[in-house]
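S.K.: Got a structure for you, written out below as structure tokens; questions coming shortly.
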Amino acid sequence: MRNTIYHWIIIIAANNLAWSGIFAAENERKIDLRGSWHFITGDNMEFARKDWNDSDWEEIRVPGKWEDQGHRDYDGYAWYRKNITIPGSLKDDGIVLRLGKIDDVDMVYLNGMYLQGLGGFPPKYNSAFNWDRQYLIPHDLIDFDRNNVIAIRVYDEWGDGGLVSGPVGVYVQKIIRLDVDLAGTWAFMPGDDPEYSEPDYNDARWNKIRVPGHWEPQSYPELNGFAWYRKTVTVPASMKQDKIILVLGRIDDYDEVFFNGIRIARSNGFPRTETTLVIDSWQRERFYYIPDHMIQWNGRNTIAVRVYDAMYSGGIYEGPIGITSQRALLQYKGDQ
């Protein structure tokens, strides 16, 4: 019962978030993705590859239920694919992929790289049929002015299936300007050990994970509880005149952040458990001040992030991720 109650609370919260103005409005759509997509029933993770040949797949209309398009009463897995060109003129904007409501669960890939998804696939099925999908695309995943491939894995447990309703397209939104972009590969280790925060700790044997992105589709489908991220970064001395801000996007659910071995931030009530959740912690953007005396200017600095996931998806799942100035943060907040 507790899981069911929590599930419906976060669905309500997600719907409120979609209407809160964080994401782009309908009139800011830059690329219309409504219409014909390639489609196939069944499941094969190779379908996520950019170079997969989908020429023999059928065409299906998006948005629209697949039951109304030749797949009556079909429940299970299916894949959608679409080729798009994203113009270089959008490089200075936040780029959001909107997919409307998907029944029930999705994993979205761009150019073969996992982007984001909602809900839980079997054996830990968890429907997200009522969520409006709005995924911020890191710029390093995009081949600007060239062909890009969106691939979507969908699972439908019962009833309607597919990309069923709502706005579908590429939109723009205001994002914070970063002086150092930290999206990409980070070192990652499930579990919990205070030594992981130390700047000289040897993480060479840790696994690699993409940030931003939930950890479940990146080889950790059963992981709940604690995990650590680590990244080295050079902060340019040209930023000395500014107050320095670490931007960590959104984290599911709670985080504790160390810079060169010193804790600089901790989310409200960290760590929490399933029975004592702060409902909106996973929605909050993380902006953390780094004291000047902690920074090795033009040298090696270590960021370590301790994350606790109570249930469902976990990790540093949405960007931007990087380092900026207090002035840029205040400008961003003033533009919201």
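S.K.: Through the Karplus equation 6.51 cos²θ - 1.76 cosθ + 1.60, θ set to phi - 60°, convert the phi angles of region 320-332 into ³J(HN,Hα) values in whole Hz; use x for Gly and Pro.
M.R.: x, 10, x, 10, 9, 9, 4, 4, 5, 5, 5, 5, 4
S.K.: Give me a comma-separated list of calculated 3J(HN,Hα) values for region 73-84, in order, Karplus coefficients 6.51, -1.76, 1.60 applied at θ = phi - 60°, integers in Hz, x for any Gly or Pro.
M.R.: Each residue's phi maps through the Karplus curve to give 6, 7, 10, x, 8, 7, 10, 10, 9, 8, 8, 9 Hz.
S.K.: Can you return the lysines within cross-link range of residue 91? Criterion is Cα-Cα under 17 Å, with same-chain partners fewer than 8 residues away left out.
M.R.: 30, 174
S.K.: Have a look at 117, 299, 169 and tell me which one the Gaussian network model of the chain (Cα, springs below 10 Å) gives the largest fluctuation.
M.R.: Ranking 117, 299, 169 by mean-square fluctuation puts 299 first.
S.K.: Explain nothing, just the number: dipole magnitude of the chain about its Cα centre with +1 on each Lys and Arg Cβ and -1 on each Asp and Glu Cβ, in debye rounded to the nearest 20.
M.R.: Computed about the Cα centre, the dipole is about 1060 debye.
S.K.: For the chain, what is the calculated [θ] at 222 nm in deg cm²/dmol (nearest 500), taking -39500 (n - 2.57) for each run of four or more DSSP H residues and dividing by its residue count?
M.R.: After summing the helix terms and dividing by residue count, I get -2500 deg cm²/dmol.
S.K.: Could you please rank 325, 219, 55, placing first whichever residue has the fewest other Cβ atoms within 10 Å of its Cβ?
M.R.: Ranking 325, 219, 55 by Cβ neighbours within 10 Å, fewest first, gives 55, 219, 325.
S.K.: What longest range of the chain stays clear of loop-exposed chymotrypsin sites (Phe, Trp or Tyr not before Pro) (DSSP non-H/G/I/E/B, at most 11 other C-beta within 10 angstrom)?
M.R.: Counting at most 11 other Cβ atoms within 10 Å as exposed, the longest clean stretch of the chain is 159-336.
S.K.: Hey, if you put +1 on the Cβ of every Lys and Arg and -1 on every Asp and Glu Cβ in the chain, which of 334, 35, 189 ends up farthest toward the positive end of that dipole?
M.R.: So the residue we want is 334.
S.K.: May I pose another question? Send over the Kirkwood Rh of the chain, from the inverse of the averaged 1/r over different Cα pairs, rounded to one decimal Å.
M.R.: It is 20.8 Å.
S.K.: Another question, if that's okay. Cross-link partners among lysines for residue 208, C-alpha distance below 22 Å, same-chain residues fewer than 8 apart left out?
M.R.: Filter leaves 50, 231.
S.K.: Set Lys and Arg Cβ to +1 and Asp and Glu Cβ to -1, take the dipole of the chain about its Cα centre, and tell me which of 127, 204, 64 lies farthest positive.
M.R.: Positive-end residue among those listed: 204.
S.K.: Can you pull out the trypsin sites (Lys or Arg not before Pro) in region 102-163 that DSSP calls coil and that have at most 15 other Cβ atoms within 10 Å?
M.R.: Counting only loop positions with at most 15 other Cβ atoms within 10 Å, the trypsin sites (Lys or Arg not before Pro) in region 102-163 are 124, 146.
S.K.: Take the chain, connect every pair of alpha-carbon atoms lying under 10 Å apart with a spring to form a Gaussian network, then pick out the residue of 81, 34, 210 with the largest mean-square fluctuation.
M.R.: In this elastic network of the chain, the residue with the biggest mean-square fluctuation among 81, 34, 210 is 34.
S.K.: Now a separate question. Going Cα to Cα from residue 243, which aspartates and glutamates come in below 19 Å? Please leave out same-chain ones fewer than 8 positions away.
M.R.: By straight Cα distance, residue 243 reaches 179, 181, 285, 292.
S.K.: Sticking with this structure for a sec: Of the candidates 324, 302, 185, which one comes out as most mobile in a Gaussian network treatment of the chain with C-alpha springs shorter than 10 Å?
M.R.: For the chain, modelled as a Gaussian network with Cα springs under 10 Å, the answer is 185.
Coordinate-derived values only; no laboratory data. For clarity, every value in this text was computed on a predicted model and none was experimentally measured. Here Cβ is always computed from backbone atoms with ideal geometry, including for glycine, and neighbour counts include all displayed protein chains.
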